[in-house]
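See structure below.
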Amino acid sequence: MKVLVTGGAGFIGSHLVDALIEQGHEVVVIDNLSTGFQDNVNPHARLYKISIGDEKLAEVFERERPQIVNHHAAQVDLRKSVAEPVFDARENILGSLNVIVNAVRFGVEKLIYASSGGAVYGEPQYLPVDENHPINPVSQYGVSKHAVEHYLYLYGLGYGLNYVVLRYANVYGPGQNPLGEAGVVAIFARQMLRGEQPTIFGQGDKTRDYTHVSDMVRVNLLAMERGRNAIYNVGTGVETSDQEIFDTLAEALGYHGTPLYASVRKGEIQRICLDCSKAEKELGWRPKLTLKEGIGKTVAYYRGQSWGS
């Protein structure tokens, strides 16, 4: 198959591109390299350095005629979405709509969309959160990610677009940018390896559902063949606190310092973990790696980076 991956130079997208090529698929990457890196892109993939909001996106669709579109490109910085909501909406809503419209126009067989299970639900009314939980995002980022889900429903209903929405938990693993605003595992690992003092925002009891990138790649591959016009949570169903992440990394890295504690940042929820039984039932997916196993693989990667000295 020919697969177009938006955001294929980013953290999750580049892992996915590698897996697709390993399976023998032809892969086209769309990435404006605003947060992704060209070195991340598999040399066997074709890279178009444009934004998903660019009118030239139609030319890429017309030239390449992909059968599958996997849409990972996004503005993912929650804090930036709060500070610059118009920019967030332009990138995440209008950019995604451009992808959807062209997918319909050029006869794409299926569109897979990376949404956010950590942002669209808001503060949970119950845990673990399933797909029927009320949608009440408390950040502009969460609003923009959910708005795209509505557009997909509309284009599925009115234009016959076949789509799958994957609502991600917090993704971590090798290759995540430790200099970004998202990705606490990568950020903490780099700081610990450099002998710096990581900052926990809050008292350390804020929880997230941490899922290794290899498990996220697997669910994307399964979604190419399974699921139709459906939404799936993708996570472990386990709450892990900020303090637990700090302690697990500190043990793995031999770090003996303590964290700084700062005020909770606007737009962040206090607790989340995802019920992923629907994905297990309909996609045949469940996470393979425990947090300890995933952290071990991640730490091994970051130890080999030059900034770790």
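What follows is calculated from the coordinates using simple rules that are stated; it is not laboratory data. The structure displayed is predicted, hence computed values, not measured ones. So basically every Cβ, Gly included, is an ideal-geometry build from the backbone, and we count neighbours across all protein chains shown.
The figures follow:
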{"item": "Label point at Lys56 placed 7 Å out along Cα→Cβ; residues across region 6-27 whose backbone nitrogen lies under 19 Å", "result": "6-10"}
{"item": "Computed label-point distance, nm, for sites Arg228 and Arg194 using a 7 Å Cα→Cβ extension", "result": "5.1 nm"}
{"item": "Amide proton proximity set for Ser116, modelled H, under 5 Å, gap of 5+", "result": "Tyr168"}
{"item": "Under 5 Å, built H, 5+ apart or other chain: amide partners of Phe201", "result": "Ala262"}
{"item": "Shape parameters for region 171-248, alpha-carbon atoms, Rg then Dmax in Å", "result": "15.0, 48"}
{"item": "Helical segments meeting 24 Å axial Cα length and Kyte-Doolittle -1.0 threshold in the chain (DSSP H)", "result": "140-159"}
{"item": "For the chain: lysine pairs under 19 Å (alpha-carbon distance), excluding those fewer than 8 apart on one chain", "result": "10"}
{"item": "Pairwise label distance in nanometres, Ala83 with Ser214, each label 7 Å out on the Cα-Cβ vector", "result": "3.6 nm"}
{"item": "Quarter of the Cα convex hull surface for region 40-84, i.e. its orientation-mean projected area (nm²)", "result": "4.5 nm²"}
{"item": "Equivalent-ellipsoid semi-axes of region 180-309, from the Cα gyration tensor, Å, largest first", "result": "29, 18, 12"}
{"item": "Residue with peak Gaussian network fluctuation, the chain [Cα springs, cutoff 10 Å], from Asn177, Asn98, Asn233", "result": "Asn98"}
{"item": "Simple spin-label estimate for Tyr159 and Leu179 in nanometres, 7 Å along Cα-Cβ", "result": "3.8 nm"}
{"item": "Rg and Dmax of the chain, Cα atoms only, in Å", "result": "18.6, 58"}
{"item": "Residue-span extension gain [Asn136 to Arg265] - 0.36 nm each, minus C-alpha spacing", "result": "44.7 nm"}
{"item": "Hull-based mean projected area of region 84-136, where the convex hull spans the alpha carbons, in square nanometres", "result": "4.9 nm²"}
{"item": "Protection proxy ranking, peptides 104-110, 114-120, average beta carbon neighbours within 10 Å, highest first", "result": "114-120, 104-110"}
